[in-house]
Amino acid sequence: MSASDITLAAAVAAMIAGAAGTALTRDVTRLVVSLGAFLLSVAAIFLIVASSLLAIAQVFVYVGGVLVLVLFALMVVHRDTDERVGLDSLHDIGAAAVAVAVFAGLVALLLPLAGTTGSQTRALPNDIGAFLLGDGVVAFEIAGVLLLVALLAVLVVVKGGEDR
Amino acid sequence: MNAMVPAVVLTAAACAMTGVVAGLIADMFGRRTMALLLVASGLASASAAGIWRLWSGPSVPEVGVFVAGGGHTSLASLMYALAAASVVAGVGTLRARERGVAMAALVALGAVLSHALLATTDVMVLFIALSGLAVIGYALTAGRGTERSIAAAVRYLVQGVIASGLTVYGLAIVFGLSGGAPDLLAARETLAQAPTAPALAGMALVLAALAFKLGAFPFHSWVPDVYGEADRASVAFLGSVPKVAVVVALLVLLRGTAFASGGFAVASQVVIVLALGSLVFGSFGMLRERSVARLLGYSAIAQVGYALLGVGSGDAGIVATTIFVVTYAVAVAAAFVGLEAIGAQDPRWDGSLAGLAGLGRRAPVTAAAMTAVIMSLTGMPLFAGFWGKLHVILALVGAGRTGVAVVAVLAAVVSFGGYGAVVRAMYFEDAAHEDLAVRSSRTMSGSGYAVVVLVALAVALVALGVVPLVSGVARVYAVFSL
Amino acid sequence: MNTAVLVTFGLSIVGAIAIALAGARAVRFSRWIALAAPAAAAWSGLSYLLGAGPGGTGGAPYIGEAVVVSVRWLSRADAGIGVGLAVDSLAAAMLIVVGVVAAMVVLFSFGYMAEDRAQARYFSLLSLFTGAMAALVTSSSLVGLFIAWEIVGACSYLLIGFWYTRKSAANAAMKAFLVTRLGDVGLLAGLAVLYHETHTLDLASVMAAVPDLAGPTVALVALLLFAGAAGKSAQFPLHVWLPDAMEGPTPVSALIHAATMVAAGVFLVARTWPIFEAAEGTRLLILAIGVITAAGASVSALLQTDIKKVLAYSTISQLGFMFAALGAGAWVAAVFHLVTHAAFKSLLFLAAGSVIHGSGTQDLREMGGLRRAMPVTSATWIVGAAALAGLPPLSGFFSKDAILEAVWHATPLAGAALFAAGAVTTCYITRATRLAFCGTFRGSARPHESGATMWLPLVVLALGAASLGAASGEFARAFGGHGGLSLPVAAASIALAVAGGLVGWRLGETGARRAQSGVAAFVAGGWGVDAAVVRLAGASVVASAALSERVDAGIIDGAVRAVERLAQGISGELEGLQSGDGRAYSGLVAIGAVLVVGLTLWLGR
Amino acid sequence: MIVVIGCAAAFAIGLYAVLTRRELIAILAGAEVMLGAANVQLVALALARGGDPAVASGFSLLVVVVAAAEAAVGLSIVVTAYRSGARSRLEEFGEVDAE
């Protein structure tokens, strides 16, 4: 087992732990920390298997953007309560069954595929840029449209709430 | 590079985007009506661009990221036209909202995304367009700003994020199995040789994502919700344009790409199962509904069932599905434009069936046009919807699925109860309160936009229903065949 | 080429639109437009018959010649379905019937509807109906026929509910719509099966393919087509809508619910005769249903006090005669009876309309003595009544005897029942005639004769009702079969008619004397010299009428209600899925996805 | 191999969170977990099947952007919903019957 394998295993373990924390914790702060851990370990996996650019984007967009947003939203929603806010779940066997079925199904289907050897090279930022402005330009452009959509959508949603 | 994106796609999208930008600028100067009309005219010129392309000669299908040309061009034109119709019809409502222009802009961008979705074989484009349309759906629902509409948006959002997660996973599988090639057309060989079970699972997840977007059973829960609570003019867009795009995308994916090869024959059976569930659930759901918009939501579930039946019935189903979805899209857009018109003429209308009572006398033009629209949705001969249903049923029979066709016919019979209730309320029931003077004085300015659009769409439905009797279906609908 | 047919459609659609656009104010002028389409229809039929000459069709029920126009729908050759128009002898005969009756009805309506504010809608719909009916009879493919079939149904629905502010009219319209749709589902299924088996719905190609079809398939197709025909033509047990349909204006009843649309079922069977010829079992069922309908409805007609209801049940009964003939294999006789029935029944309806117009009531018990106040109406009514009763030498005699003879030879039992039904026919029409036109007036208004636009159509139709029998020879030559009369059958039917007439006369008298005393007393009150006959007849009449009433109300309406409840119940059960709980919805999405993947993998294993 | 199992596990956990959490923000956090896991899977599978790393990374980058945009809109809806009635739990957004 090489060093990179061990790092990868650690990152994956951190990812699962972060996910579990996000799903199960009853404490707001822990939720944010767990989600952050999850997102960072995803970035770490990206860094190890695919590309540094992707990892940086993940850190910037998620940890820098989404996580702050989540925190912000939590503060707005819970600003008027003094005591530590609790989060609870409606644990039920049906949801657990669905989740277990999804997990089992995915592992059963995908594990055989993972054994095949793939390319071990990682993508350079230049290559990604060349792809996005080359063969992937349509998707890239449409992602631009989507960002405009998201901007307008936020405006509409927030104002819609105020209009009342 | 440009060769892969046919010029017509760019032209149309550029027209629509220009309209959006112009509209947003006009909004900054406080010219809201003008801004809305600018957005609409951008969409109209996008539609015209497609028509002009058709006019200027026989189109050769070009295959690339977009499978454009022929039927796709005319379908795109139709989608832009319907989006324009929804914006124009909503002028009265939208200009009263502070972010009305942004909502109209979302409709226009939704048309662009639908256009992208319409003919793509690229999983990246597929994913981004689907997500964008979902975001537009949430925003337009919440944008009405009532407590109920926000609650509906929240419910829709929670379902949507699950669907979104499943979509990415499905695409991950498909993309991985096709050796990291985003274009499913190019990946035909690779995907066909990939292990069957994971490939099928990936396809099933993509199928489920599209079915969710269509509101097919059992992914239907958001449909009556959103149809009932969002602005009526917004639903005129949400219920029609993305539906055309997704149904055609489904056709392209299942019949034109890697999924069309041998191992994927099960897809049509799965689609038929979903279709039957939708038909039964939607048709019966209509019977108990007392809100017209929600009733049309259940009707949408049932109608998606017919579209999926067409998708599931082999090669003959391609033309049938296209014809069906075109006629349905026009009819459902017209129906919600009609509700917008009724609401604008009588702001006190609570959206219930009972509130329609006596409409035949109060607003004869609106009621007559609405009746034509409902008849088309029902599938009565002489109206466009008839041809759609007829072709789907013939395609089913042609594919040897006579039993399914019988169920489809029976479901149609059940749905008569629901559609009949609307017509019945308008003509055969007396209004509880008849104070016409008050009513007319309270009529919102701007109801004229909706009425004009409604009449235009209703005339189109009748024309599409009658003309084929004279000219033969082939000539009229050939424009829309893929 | 028969371009007059095309002209008919053009005039019909243009006329409908023009009248509707002209609106209420211009209707005194624009209603003349509504005469154009019927005239063109009649002319196109007539010109074909004169041009081709009787005998030119070689006796086939459908031939592909004289195709007016034909287009194909789908470009794909194998899935192509043609839709087109073709005129042959059968279509021409129907065109003449439709055209003449429609023209007379429109003319009659000038006076009858003069006071109505919604005349424009009325004449516009009549115009549209005429065109659709012409399309129905001339369509060269079953798809075209089905479309026209639905359009005439829609017109019928709209005209029954013409006075939609009346709750009863709105309900009757809805009932007619739903019950006939029930049959239409059968028809559509029949077309689907045919298409599946033959890959075409072109009449000519379908008929050519019939001999190659398997026996059970043919039987199934025939059964399904018959279901459609039975719905449209109000055959037991789908007859329940027709009496209610009398809520529409009376001229509409004459045109749609007596002469043309309700006869479309008979026409459909005749048009697709090779299928029925090959399906012997189905024909037996048709015979049984026809006889049951003919006998049951004639008995029901005996007890009605509403003049239009008498005629409605009479129509159901006469359609039963036609179906009995079809069941016995005598489609030519059925079609001939269709033609004569169109003449005398539309005459009777219009005369009833004139009576209602002149006396201000529909209730037979409030009429009486109208022959003095309304001489033209009563004279023409009596011609129509005699034709219905089958008295020689009027048209009904020839057509009914042809049916009786055919059925008698096919199944004596059914023949006997039909003979009895014939006797009851005379009985009820005599009773109604006596109640309305003899004795003294019992109502409150001042009866008066109707204007010229109303009695002129009566006279024209009376001439037809009287003389069409002469065409029986021509008819037989055109379509095959023999036109002669069988003496024993004719003698028996005349004797029965006279006997029935005598009983009816008595019933009419007692009914007149005890006008207000209720149905049972009304019949039971028939004491007199021939009390025994009347009482026997009366008791069985009351019993069977009560039975048919119970069948209607209990079984059929009950079944309709049960289906409705079932649908609502299923709807309620499914509503559980739409609970309004956001969590349940998202759970459904996740479970749905798992199930879809599971199903896909299972199917693709 | 370990990545495949890890992603499947994280995805299932995220799904469970979405299905069982009561607080809307926690539901959205669960959705982010689902999307993140699926995105890692996307890259990992494509690379395992010999895909071009640049293409896979580009696709994955777009997924990141799209998911973030969706999250922003989702959070704005949650905040708006809270402001419109101090409701922040899914069960508080039940459907009110029309009548």
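Miscellaneous remarks
- Per-pair calculated FRET efficiency, R0 = 60 Å: A:Asp5 and C:Trp163 via Cβ, rounded to 0.05: 0.10
- Rg/Rh ratio calculated on Cα atoms of the stretch C:374-445 (Kirkwood radius): 1.12
- Taking every alpha-carbon pair under 8 Å whose residues sit at least 6 apart, chain B reaches a relative contact order of 16 percent.
- Once the mean of 1/r is taken over each pair of separate Cα atoms and inverted, chain B shows a Kirkwood hydrodynamic radius of 22.2 Å.
- Mean separation of Cα contacts under 8 Å (6+ apart) over length of the stretch C:108-241, as relative contact order %: 23
- Max mean-square fluctuation residue, GNM over chain D, Cα-Cα springs under 10 Å, options D:Ser88, D:Ser60, D:Ser76: D:Ser76
- Selected from A:Leu54, A:Leu152, A:Leu124 as most flexible by GNM, with chain A as the system and alpha-carbon contacts under 10 Å: A:Leu152
- Links that overshoot a 26 Å alpha carbon limit, given the list C:Lys175/C:Lys308; B:Lys243/C:Lys232; C:Lys175/C:Lys400; B:Lys243/C:Lys175; C:Lys167/C:Lys232; C:Lys232/C:Lys345: B:Lys243/C:Lys232; C:Lys175/C:Lys400; B:Lys243/C:Lys175
- Student exercise, the stretch D:2-87 dipole from Lys, Arg, Asp, Glu Cβ charges, in Debye to nearest 20: 280
- Cα-projected label distance for C:Val459 with B:Ala96, points at 7 Å along beta-carbon direction, nm: 6.4
- Global form of the stretch D:2-87, assessed from the alpha-carbon gyration tensor, a/c cut-off 1.5: oblate
- Rounded to 0.05, the FRET efficiency of the C:Ala499 and C:Phe441 pair, given R0 = 30 Å and the Cβ-Cβ distance, is 0.55.
- Applying a length cut-off of 24 Å (Cα extent along the axis) and a mean Kyte-Doolittle floor of 0.0 to the DSSP H helices of chain B leaves B:7-28, B:32-55, B:71-89, B:100-118, B:123-142, B:147-177, B:196-214, B:266-288, B:292-311, B:316-345, B:402-428, B:447-471.
- All Cα pairs of chain A, percent lying beyond 22 Å: 63
- Within chain B, helix-based [θ] at 222 nm, where runs of 4 or more DSSP H residues each add -39,500 (n - 2.57), nearest 500: -25500 deg cm²/dmol
- Normalised by the number of residues in the stretch B:265-482, the mean separation of alpha-carbon contacts (under 8 Å, six or more apart) gives a relative contact order of 30 percent.
- C:Asp306 long-range amide H proximity, modeled H, under 5 Å: C:Leu364
- Rg [Å, one decimal], Dmax [Å, integer] - the stretch B:265-482, C-alpha atoms: 18.0, 62
- FRET efficiency for C:His409 and C:Arg25, using Cβ-Cβ distance with R0 set to 45 Å, rounded to 0.05: 0.15
Only the coordinates and a few stated rules stand behind these numbers; no lab work does. If you're wondering where the values come from, they're calculated on a predicted model, not measured in any experiment. Positions of Cβ are generated from backbone atoms using ideal geometry, with glycine treated the same way; all protein chains shown enter the neighbour counts.
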